[in-house]
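> What follows is a structure written as structure tokens; I'll ask about it next.
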Amino acid sequence: MARRWLLNTYYTVSTPVRWTMEQVRRYRRHEPVQVVFYHRVADDVPNPWTISTQSFAEQIDWLSQRFDLVSMAEAQYRIERGKNRRPTAVVTFDDGYADNMNFALPLLLERKIPVTYFVSTDYIRNGKPFPHDVELGQPLAPNTVDDIRRLAEAGIEIGAHTRSHANVAELDSQQLQHEIVGSKQDLELMLGREVRYFAFPYGQPQHLSGEAFQVAQQAGFAGVCSAYGGYNFPGSDSFHLERFHGDPEFVRFKHWLSVDAMKVFRSPSFDPELTAMPQVHERQECIVGERG
């Protein structure tokens, strides 16, 4: 409770500074591209990776009023050209929960908001719940192959999220090929179209590796996503897109997405051996149990 009060106070007090810095960024054409990720939008069986339909709608309303909501390809273009005057955001989902078909995805389609939907193909194919849900005693239905085909036909970009929701940092070279390249091949067979984007499960620095990035590049992915929180500034690496979690606590969500100067100035760097990873602009305290 005290922490929430402090965050609310800090957000309110720092609003004038945020507004001023936003004007400076717009003048310099240096607005970052921000990528938001969700897992499951539903009002039943709450867990750390579920957000209510009301909270999700509030976040989408807030984003729609303040950002250009664009596709992954447009986001990469704005990063690559080195200049971006407009606040820009991308909406993504991880895992592939059937519940998202009930409210979240229809809402985004109705509003014509681009979305990239990353799925772990083993669960899409066999219909079994994710192990992390089973461990909580709350098995939840994944999307089906027919779901994914319908979403792709409706214009949603389907991305790969490994086959088994694997922690790629623990895999050897052969296993990386199986999980990363294999998930791309699975989806392309299901959909009959190219799959261009990949998101690392868990997505924290300790769950990534330079070899995994290289395998994804060699597989032909146009871009990959992590999940530890960061700002993708114009001129940075457009292949690796850092993402913020769509936090159910609205003030925390606004705090991250409004580009807190202190967060940017505290930018840490990660292991230089992760050669395919760009320097991190911001490290987020992830409250979703380090899942992605």
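> Taking the criterion of being touching a residue at least 60 places away in the same chain (Cβ under 8 Å) and either surrounded by 20 or more Cβ atoms within 10 Å (Cβ to Cβ) or under 23 Å from Val195 (Cβ atoms) (or both), would at least one residue in the stretch 106-114 satisfy it?
Among the residues of the stretch 106-114, not one is touching a residue at least 60 places away in the same chain (Cβ under 8 Å) and either surrounded by 20 or more Cβ atoms within 10 Å (Cβ to Cβ) or under 23 Å from Val195 (Cβ atoms) (or both), which makes the answer no.
> Further, regarding this structure: Conditions first: (1) open to solvent by 50 Å² or more (accessible area, probe 1.4 Å); (2) part of a helix (DSSP H, G or I); (3) closer than 27 Å to Thr53 by Cβ. Gln185 passes all but one, so which condition is the exception?
For Gln185, the failing item is (3).
> Follow-up question, since we're still on this one. With the requirement that a residue be in contact (Cβ under 8 Å) with a residue 40 or more places away in the chain and more than 19 Å from Phe56 (Cβ to Cβ), what does the stretch 115-128 give you?
Matches in the stretch 115-128: Ser120, Thr121, Asp122, Tyr123, Ile124, Arg125.
> Sticking with this structure for a sec: With respect to Tyr231, is the statement that it is touching a strand residue (DSSP E or B) at 6+ places or on another chain (Cβ under 9 Å), touching a residue at least 12 places away in the same chain (Cβ under 8 Å) and hydroxyl-bearing (Ser, Thr, Tyr) true?
yes
> Tally up the residues in the stretch 188-214 that are open to solvent by 10 Å² or more (accessible area, probe 1.4 Å), free of Cβ contacts under 8 Å to residues at least 40 places away in the same chain and under 21 Å from Arg243 (Cα atoms), please.
Number of matching residues: 2.
> Moving on. Just one of the numbered conditions (1) closer than 22 Å to Arg125 by Cβ; (2) among the polar types (S, T, N, Q); (3) out of contact with any His (no Cβ under 9 Å at 6 or more places or on another chain); (4) surrounded by 20 or more Cβ atoms within 10 Å (Cβ to Cβ) is not true of Ser238; which one?
Failed condition: (1).
The values are calculated or read from the model by the stated rules, or taken from the named source; none is laboratory data. Just so you know, these numbers come straight off a predicted model, no measurement behind them. Because the Cβ atoms are built from the backbone with ideal geometry, glycine has one as well, and the counts that use them run over all protein chains shown. All accessible areas refer to the heavy atoms of the entire protein, side chains included, with ligands and DNA or RNA removed. Shrake-Rupley method; radii C 1.70, N 1.55, O 1.52, S 1.80 Å.
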